[in-house]
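To keep things clear, I will list the structure first and then write my remarks on it.
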Amino acid sequence: MQQERVKKIEWVVSELVSRFMFEEIEGLDEEFWIITIIAVKLASDLSYLDIFVSCFKNEESLPKALAKHAYSIQKKLNAHLPLRKTPRIRFRYDWGWAIAWELNSKIIDLTKNLENDYDK
């Protein structure tokens, strides 16, 4: 499959899944606060669709919670995407945001400590 077509499908899937999560899955916002789709990666043979997500609370349990809705999401994708083969959806947690958030807070703490030492 052409790379350009794969990228277009990934973009459409990202839009559809985010809309579905926002409109139809109840209770996710209370448990995880804000859920973000970071990236969507489609296998070139359309066998798998990896959806990378992040959130601010309960990071470890987010992929499992979303996996419970994978069948209904896949069903919705079948209705909106004209593909011969429907890829199997896998949710993955993107740890990049969590690591960046932690590094940012450490840098802020170091900056405050340096300012306090300099003021003395």
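Every number in this text was worked out from the coordinates using simple rules, so none of it is lab data. This one's a predicted model, so the numbers in the text were calculated from it and none came from an experiment. When we count neighbours, we look across all protein chains shown, and the Cβ atoms used for this are built from the backbone with ideal geometry, even at glycine.
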Item to check | Under the Debye formula (equal points on every Cα, no solvent term), log10 I(q)/I(0) of the chain at q = 0.20 Å⁻¹ | outcome: -1.08
Checklist entry - Taking amide hydrogens as modeled 1.01 Å from N in the peptide plane, which residues meet the under 5 Å criterion relative to Arg92, leaving out close sequence neighbours? => result Ile51, Phe52, Val53
Next on the checklist: So the label point goes 7 Å from the Cα of Glu31 along Cα→C-beta, right? Which residues of segment 39-67 then have their backbone N under 17 Å from it?
Outcome noted: 53-67
Checklist entry - When the Karplus curve 6.51 cos²θ - 1.76 cosθ + 1.60 is applied with θ = phi - 60°, which whole-Hz ³J(HN,Hα) does each residue of segment 42-55 get, with x for Gly and Pro? => result 9, 5, 5, 8, 6, 7, 9, 10, 8, 10, 8, 10, 9, 7
Checklist entry - Extension gain Glu102-Arg5, at 0.36 nm per residue separation less the Cα-Cα distance, in nm? => result 31.3 nm
Next on the checklist: Can you compute 3J(HN,Hα) from phi for each residue in segment 2-16, using the Karplus curve 6.51 cos²θ - 1.76 cosθ + 1.60 with θ = phi - 60°, rounded to whole Hz and x for Gly and Pro?
Outcome noted: 5, 4, 4, 5, 4, 4, 5, 5, 4, 5, 5, 4, 4, 5, 5
Item to check | Helix-only mean residue ellipticity at 222 nm for the chain, each DSSP H run of n ≥ 4 adding -39500 (n - 2.57), per residue, nearest 500 | outcome: -18500 deg cm²/dmol
Checklist entry - With r defined as the distance between the Cβ atoms of Thr86 and Glu59 and R0 fixed at 22 Å, what FRET efficiency is calculated, to the nearest 0.05? => result 0.20
Checklist outcome for this item: Once both label points are put 7 Å beyond Cα along the C-beta direction, the Glu24-Tyr48 separation in nm becomes 2.5
Next on the checklist: For the chain, set up a GNM with springs between Cα atoms under 10 Å and report which of Ile25, Ile89, Ile108 has the largest fluctuation.
Outcome noted: Ile108
